[in-house]
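The values are calculated or read from the model by the stated rules, or taken from the named source; none is laboratory data. These numbers come from a predicted model, not from an experiment. No Cβ is skipped: glycine too gets one built from the backbone with ideal geometry, and neighbour counts run over all protein chains shown.
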């Protein structure tokens, strides 16, 4: 994990947050299993992570799981910004801004947004209806 960073940009969706919470639970269970008296000593001593390293991971993952999700309004602003940047880019390179789902304008906007599942057709249409004079 390297440096400790604020988790607000790491977790963007609720399924991601659920997955991080499951990881935190699994790490707590692993820590408890390693602390059992009946565990064979060689298994404890051969574990590839130190106790402090495992505690540090548990603390970081729990901190990350406790962060609030990003406000959906901010995501909308990021989508609008990606569409505006794509429009400027397309205009600079002589690409026509067309209202089509698979057109170059919408695809460039999706690349600028950098989320593989994002569909920005609605935002592209909204931009074109606003700024086409």
Among 97, 69, 120, the single one that is more than 30 Å from residue 11 (Cα to Cα) and either under 24 Å from the mean Cα position of the chain (by Cα) or modelled with pLDDT of 85 or more (or both) is 97
Of those in the range 30-65 that are within 19 Å of residue 17 (Cα to Cα) and touching a helix residue (DSSP H, G or I) at 6+ places or on another chain (Cβ under 8 Å), the residue surrounded by the most Cβ atoms within 10 Å (Cβ to Cβ) is 64
query = When you look at residue 27, is it surrounded by 15 or more Cβ atoms within 10 Å (Cβ to Cβ), in the same structural domain as residue 14 (by TED's automatic domain parsing) and modelled with pLDDT of 90 or more, yes or no?
reply = yes
Residue 60 passes all but one of the listed conditions (1) assigned to a loop (DSSP other than H, G, I, E, B); (2) in the same structural domain as residue 23 (by TED's automatic domain parsing); the exception is number (1)
